[in-house]
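The values are calculated or read from the model by the stated rules, or taken from the named source; none is laboratory data. Owing to the predicted nature of the structure, the values given are computational and were not obtained by experimental measurement. Heads up, the Cβs are rebuilt from the backbone with ideal geometry, glycines too, and the neighbour counts pull from every protein chain shown.
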Amino acid sequence: MQYMLLIYEDETAYGDEHDSPAVMEIIQRHMAFGEELGAQRKGGAGLMPTGMATTVVTRSGNQTIHDGPFAETREQLGGFYIIDAPDLDAAIAIAKKLPVYADGSVEIRPLLGGTD
Amino acid sequence: MTKALDRAARDHGARVRAALAARFRDLDIAEEAFAEACARAVTAWAGETPRDPVAWLYRVADRAALDMVRRRAVRSGATLPDPEPPPSPEEELMADTRLIPDERLKLIFVCCHPAIHPEARAALTLKLVCGLSTPEIARAFLLPEPTLAQRLVRAKNKIAGAGAPFEVPGPDAWPDRLDAVLSTIEIAYAKAHEDGGGSGRHAGYALEMLGITATLAALVPSEPEVLALAATVRFAEARRPARVDAGGMMVPLDRQDPMTWDKALIAEARPYLARALSAGPPGRRTLHALIHAEWCARSSLDAPAPWRSVLVLYDALMALRDDAITRLNRAVALAEIAGPETALEEVDALDAPGLADFLPYHAVRADLLVKLGLTDAAMEAYDAALKLGPERAERLWLEGKRAGL
């Protein structure tokens with residue numbers, strides 16, 4: 001099956017600089033993690049901070065544009081992987097190894113049509 | 001005839017459902033196919049009960065499941081698999097209960113998967129492993145039947161959709177996953193235990209808990225926490241006859257007459273506990289079982305209550321898991337050894353979210369305040385407890401205490 005691993009972390013932990021020591025460290029760890037995943041990694045990317053986010057909201061057919069992410073939360077979506085794993089337990093095992101800088105959450109979502 | 005069917009479904013239903021679920025990798029199909037086989041048995045067994053009722057049920061359910069798989073395939077436009085040939089006489093002869101693979105452990109693990117909401121896990125286990133009906137489970141969880149039915153559907157969909165494997169987890173995941181299984185059984189048992197009288201909406205339900213813990217202990221005989229839980233459920237059930245008096249009022253543990261406890265169940269519990277203890281340093285559930293064992297060793301109401309050893313065991317428990325509920329339970333024993341003032345200090349120092357909505361917190365505080373002669377404060381604490389809507393037996397007890405002030 002294919003799963004998306006959505007990484008939620010407090011983005012302020014990385015500081016304002018895009019080359020802060022925290023950022024450099026997590027990049028190293030993600031590279032090592034990606035290597036370990038090998039062919040199981042089907043895709044993924046890191047995201048710019050939520051300060052860069054814009055949201056298009058549709059309500060009753062009306063569309064409005066908002067500055068900021070879909071929801072203001074303590075931890076923000078910062079990146080994702082798409083992986084190939086035989087089942088949920090295997091996906092959980094991978095999600096547990098996924099590097100987070102300090103506290104964080106990884107949401108595991110099966111992809112629609114990702115069963116073959 | 002229906003008796004034979006009832007017995008076969010009750011004693012072996014879990015095994016048949018588990019074997020079907022393992023074969024078809026689908027809890028819905030396993031459940032529906034088994035129900036279908038039982039429905040067919042009602043007429044098919046009217047003349048004569050088959051030689052091996054369980055094998056009959058498995059075979060018929062297996063064919064019903066194949067039909068369902070085929071119908072689903074047709075609906076989704078897939079090519080049809082070849083139909084199964086009808087069973088040959090040799091196969092008929094071969095069919096035997098011993099040939100049905102025992103997949104119950106896999107069934108238990110998938111029902112108790114940590115990716116499922118804990119209460120839904122308990123409901124799903126009661127449904128598929130214990131064979132309770134949706135109305136029975138809804139009553140136990142105090143939920144409207146449609147709500148519970150919806151939760152069960154959602155849980156089954158999650159298992160299928162998220163790809164939860166129908167497997168016994170590997171060694172790495174074993175500790176976490178086993179804990180999820182045991183917690184699920186604890187939640188399910190707590191529902192049965194809340195009902196002190198045991199004659200009402202939980203009649204029979206507690207028996208299922210004896211069954212599932214015995215099954216689990218047989219399937220995983222070397223895990224001390226599994227054995228300990230089997231012991232605890234037995235010790236607790238043994239005291240059921242004494243938990244409510246003739247007027248339907250709750251009787252607290254230290255006032256229960258040990259003569260009315262179920263000696264046979266206590267005797268059944270002890271070897272489980274002994275095996276748990278011999279397996280290594282006691283874990284949380286083994287300590288719980290030991291506390292029950294201390295109480296169940298009391299011979300009569302004249303014998304002293306085992307407060308001192310209970311306190312020692314709660315101290316050991318706190319070293320493993322220091323939480324508000326453990327502290328609260330410990331305070332009850334502490335009051336008997338160190339006095340109500342020390343115990344009240346402990347209880348008042350508790351700070352946990354949801355404590356105000358936790359009935360035992362107010363009940364324990366009220367008792368301590370009574371012992372200290374603080375009548376007004378005790379009155380308030382009893383009111384707070386009663387406001388949380390206890391079951392009848394406990395309500396009568398609390399009302400009685402309050403009226404006695």
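A few remarks follow.
- Inside region A:74-116, residues that are surrounded by 12 or more Cβ atoms within 10 Å (Cβ to Cβ), of a type outside the set (Gly, Ala, Ser) and away from chain B (no Cβ under 14 Å) make up a count of 10.
- Breaking point among (1) farther than 21 Å from B:ALA206 by Cβ; (2) aromatic (Phe, Trp, Tyr); (3) under 21 Å from the mean Cα position of the chain (by Cα), for B:TYR314: (3)
Residues checked against (1) buried (at least 17 other Cβ atoms within 10 Å of the Cβ); (2) in a helix (DSSP H, G or I); (3) of a type in the set (Val, Ile, Thr):
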residue: B:ASP322; (1), (2), (3): no, no, no
residue: B:ARG330; (1), (2), (3): yes, yes, no
residue: B:ALA335; (1), (2), (3): yes, yes, no
residue: B:GLU345; (1), (2), (3): no, yes, no
residue: B:LEU368; (1), (2), (3): yes, yes, no
residue: B:ALA377; (1), (2), (3): no, yes, no
residue: B:LEU405; (1), (2), (3): no, no, no
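- Meets criteria (assigned to a helix (DSSP H, G or I), within 17 Å of B:VAL129 (Cβ to Cβ) and not basic (Lys, Arg)) for B:ALA61: yes
- Restricting attention to region B:294-324, the residues being without any contact (Cβ under 8 Å) to a residue 24 or more places away in the chain and among the hydrophobic types (A, V, I, L, M, F, W, C) number 5.
To keep it simple, each residue is scored yes or no on (1) touching a Gly at 6+ places or on another chain (Cβ under 8 Å); (2) modelled with pLDDT of 95 or more; (3) of a type in the set (Gly, Ala, Ser).
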| residue | (1), (2), (3) |
| --- | --- |
| A:GLN2 | yes, yes, no |
| A:GLU17 | no, no, no |
| A:HIS30 | yes, yes, no |
| A:LEU47 | yes, no, no |
| A:MET52 | no, no, no |
| A:VAL56 | no, no, no |
| A:GLY79 | yes, yes, yes |
| A:ALA95 | no, yes, yes |
| A:LEU98 | no, yes, no |
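- Failed item in (1) in contact with a Phe, Trp or Tyr (Cβ under 9 Å, 6 or more places away or on another chain); (2) under 28 Å from B:TRP261 (Cβ atoms), with B:VAL364 passing the rest: (1)
- Residue in region B:297-304 that is of a type outside the set (Val, Ile, Thr) and part of a helix (DSSP H, G or I) present: no
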